[in-house]
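A short worksheet on the structure shown next.
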Amino acid sequence: MKIKSLDPRITRAKIDENTQEGVLNPMDHFQTYEVFEQKKRGTHHCHVGSVHAPSAEMAIIFAKEQYTRRGQCVNLWVVKTSDVMVTEYLDSDIFETTETKSYRDPNSYKVMDRIKAFKERQTEL
Amino acid sequence: MEFTEKHVLGLKDLLYRMSDDLLILGHRNSEWTGLGPILEEDIAFSSMAQDKIGQSLALYQILQELGENEPDVVAFMRNAEAFHSCKMVELPIGEYDFSLVRHFYFDHQSAIRMDMLKDTVVEPLQMVARKFRGEIKYHTMHADTWMKILGAGSAKGKERMQKAILENAGLALGMFELSDYEVELSESGIFAGEQALKSTWIETVSQKLESFGFNVPDWDTVTPVYGGRKGEHTADLQPLLDEMTEVFRIDPAAEW
């Protein structure tokens with residue numbers, strides 16, 4: 001028996017009810033590539049998502065349709081997901097800063113004094 | 001140069017073959033929506049099918065300026081005999097090897113034809129040819145990338161593609177069936193003609209197929225499948241039109 005569906009596309013495909021063809025095993029999928037999009041020349045590329053693809057070239061083709069169809073884009077990068085080195089969430093404490101490091105915050109820079117002084121002069125006027 | 005009646009008929013025939021090809025193949029390719037081999041390809045192929053229908057609309061609009069009916073009527077109210085599309089585009093989607101080879105053959109034809117028309121004396125057509133350049137370039141990149149991957153992939157995949165390449169060569173040559181107005185089209189600077197298009201196309205696809213590792217059809221011995229441009233179609237076109245216009249025909253006067 002062929003699969004009959006209310007969706008004409010499914011019926012048209014004449015798929016046998018007991019078909020084993022085209023059934024994917026968990027590891028049969030293509031690898032994934034991470035996609036980075038550049039909206040304007042000179043700006044940096046931003047990560048926008050990932051695609052399955054058989055090669056980097058094909059990943060670019062797919063990424064164009066998945067991520068740039070709406071909105072501006074001038075350039076794409078794709079990188080194999082497996083080539084991305086990632087930190088462990090367990091180690092996320094390495095990103096914590098202590099209060100005593102406030103000298104690293106931009107508001108500790110000398111230029112802030114000059115900006116403040118400039119603003120004060122502006123209000124005086 | 002003043003256009004005579006024959007020039008206008010030639011121009012209309014050119015526009016109908018282009019727009020009908022795009023509408024019919026756009027509809028056929030959209031039948032893969034939801035059934036594509038992987039999600040990403042499903043989206044890409046469907047999106048390109050939509051692009052094709054958009055391109056056909058732009059060409060039907062030029063036809064309307066030339067006195068033909070409005071695009072909806074032209075697209076949805078004609079019977080198969082009135083379509084100038086080649087036979088290759090109306091065939092059912094078959095398996096993915098056929099659909100990909102048809103996409104490869106057709107889109108290179110489309111890219112070269114549009115490139116030839118970028119300097120045509122018909123201004124609105126010139127604008128359409130320039131407007132869709134990027135879109136069509138992407139379509140050929142998509143086709144080429146698949147052909148390249150499958151040419152270098154598994155023996156089974158390559159064999160299926162090779163078979164489809166050779167078996168559909170005659171259908172592909174059917175795209176270049178001569179118009180009754182070849183002389184008028186070329187002397188007026190409207191279009192350099194199907195023969196010139198065919199030569200460039202054969203050169204382009206042969207070089208690409210060879211670089212992807214496929215055997216190139218022996219074009220000189222291939223019998224072209226003609227008829228479509230003159231309204232002779234296979235039994236597959238009318239059912240496609242019936243399905244495509246099913247909703248439209250419920251109430252042709254409805255506002256969408």
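Only the coordinates and a few stated rules stand behind these numbers; no lab work does. Being a predicted model, the structure only gives us computed values, none of them experimental. Positions of Cβ are generated from backbone atoms using ideal geometry, with glycine treated the same way; all protein chains shown enter the neighbour counts.
Listing for the model above:
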item: Value of relative contact order over chain A, rounded to a whole percent, pairs C-alpha under 8 Å and six or more apart; result: 19
item: Inter-chain shielding of A:6-16 (mean C-beta neighbours from other protein chains, 10 Å cut-off); result: 2
item: Semi-axis lengths, Å, the range A:1-64, gyration tensor of Cα atoms, sqrt of 5 times eigenvalues; result: 37, 15, 8
item: Cβ neighbours within 10 Å from other chains - mean over B:40-48; result: 5
item: Chain B, relative contact order [Cα under 8 Å, separation at least 6], %; result: 26
item: Cα-based equivalent ellipsoid, the protein assembly as shown: semi-axes from gyration tensor eigenvalues, Å; result: 47, 30, 22
item: Spin-label model distance (nm) - A:GLN38 vs B:PHE76, 7 Å beyond Cα toward Cβ; result: 4.5
item: Residue-wise HN-Hα coupling along the range B:20-28, computed from phi with Karplus coefficients 6.51, -1.76, 1.60 (Hz; x: Gly, Pro); result: 5, 4, 5, 5, 5, 5, x, 5, 4
item: Burial ranking of peptide ranges B:112-122, A:87-97 (average Cβ count within 10 Å, highest at the top); result: B:112-122, A:87-97
item: Cross-link partners of A:LYS101 among aspartates and glutamates (Cα-Cα below 16 Å; sequence separation of 8 or more within a chain); result: A:ASP93
item: A:ASN75 long-range amide H proximity, modeled H, under 5 Å; result: A:GLN38
item: Protection proxy ranking of A:51-57, B:104-110 - average other beta-carbon atoms within 10 Å, highest first; result: B:104-110, A:51-57
item: Fewest-first ranking of A:THR68, A:THR19, B:THR221, A:THR11, using other Cβ atoms within 10 Å as the exposure measure; result: B:THR221, A:THR19, A:THR11, A:THR68
item: Cross-link pairs B:LYS12/B:LYS118; B:LYS87/B:LYS131; A:LYS64/B:LYS156; A:LYS64/B:LYS163; B:LYS87/B:LYS163 - those with Cα-Cα distance over 21 Å; result: B:LYS87/B:LYS131; A:LYS64/B:LYS156; A:LYS64/B:LYS163
item: Exposure proxy ranking, count of Cβ atoms within 10 Å, fewest first, for B:GLU246, B:GLU2; result: B:GLU2, B:GLU246
item: Stretch gain in nm, segment B:LYS156-B:ARG133, where the contour uses 0.36 nm per residue and the Cα spacing is subtracted; result: 4.8 nm
item: Using θ = phi - 60° and Karplus 6.51 cos²θ - 1.76 cosθ + 1.60, couplings along the range B:141-149 (whole Hz; Gly, Pro as x); result: 4, 4, 4, 4, 5, 5, 4, 5, 5
item: Shielding by other protein chains, B:138-150, mean Cβ within 10 Å; result: 3
item: Neighbourhood charge, 13 Å Cβ-Cβ cut-off, centred on B:GLY67 and excluding it, Lys, Arg +1 and Asp, Glu -1; result: -3
item: The range B:23-103: relative contact order in percent, alpha carbon pairs under 8 Å with at least 6 residues between; result: 34
item: Eligible aspartates and glutamates near A:LYS110 by straight Cα distance, threshold 18 Å, same-chain separation 8 or greater; result: A:GLU120
